[in-house]
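See below for the structure under consideration.
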């Protein structure tokens, strides 16, 4: 759960404390169920939904395995529990070829539905499927064959005390990925006064594609955690500020409120109305302006608080893509930070950028320590300047992703 907000990329995982205390006394607001009617799909002509398996590239696979084996926080095997919940498999074969596999469980048997390897020149080679691996069966991914001699195989499907796992052979390496679909919403005011303010002209669809590219900053930062983000849908949605804040003056600036102002009440209400529920994923809102000077983005998770369901999302301000304004210089870096909050992470530590008065705000992410000399590399610092995601944060983020996206990847990819 994210902690106190800093002036650049802060984004708490917030409990709706005011809801627990009886809620805010808002006047009547627009019916949230009607908000989705104000969105139109502006995705490219590419067929939707996008297949996350197809979105994975050879470059992503090879770069995943470019580091040392010893310090891999996810280990080097694919556990049945995560395969059964829809995780994707990537591999470096015993002959050094990159490969990606889509698999599921049929009882105790591992079934490989899709298998793609890349030859020495990088060309895609699809193999005949399905392949079925019973206990102690081996697979040669490069040739698409099962029950090969161990010397010719890349992995063995084995039973362990903790359940079945696909264990690499002959120097092969394995990684399970949780693929997180991203639905982007370009938010456009219906107020005629702001007719010329079109955030889509500043944060183009091409910019979004680059932000979420397999080899972009966002996925590069999260790659070591086994979490993969991809664009699944892009929408253009219209709104009036008064839909969310009935007391907002008619001449109010085109600023959506700071989500922390009311402990995420308006933030969650907006997300409830516009989130794309047919496809569980990360809803990314791109606004003309979030009403906090210097705030590039904001993120918080889906969460149940008593009888209330908080709708999570990530919000971006248009200035995020402006390197002259964004203190991180990279919107992909800011987005990676906010995605951490969406996946349930608190700030790792706080700097002077988070005022003392706003710490422990709303009763969430309590007692976060000040940043010390050894904390400079953390992605989840309140100023978001690092890139490191420690093992304890990886466990939280992957568990949250699996909780949210169970089965969705396999269903879209079959």
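Structure notes:
- Per residue, the convex hull spanned by the alpha carbons of the stretch 105-159 comes to 70 Å³.
- Largest to smallest principal axis extent of the C-alpha atoms in the stretch 250-338, angstrom: 43, 33, 21
- Two-decimal Rg to Rh for the stretch 57-177 - Kirkwood Rh, Cα set: 0.92
- Coordinate range along principal axes, alpha carbons of the stretch 312-402, Å, largest first: 34, 33, 28
- The relative contact order of the stretch 57-177, computed from alpha carbon pairs under 8 Å that lie at least 6 residues apart in sequence, is 27 percent.
- Alpha-carbon Rg with Dmax, taken over the stretch 130-192, Å: 20.5, 70
- For peptides 57-65, 160-168, sequence by mean Cβ density within 10 Å, most packed first: 57-65, 160-168
- Each residue of the stretch 179-290 gets 113 Å³ once the volume of the Cα convex hull is shared out per residue.
None of the figures in this text is laboratory data; all of them are computed from the coordinates on show. Note that the structure is a prediction, hence the values are computed from the model and not measured. A quick note on method: Cβ atoms are made from the backbone with ideal geometry, for glycine too, and the neighbour counts reach across all protein chains shown.
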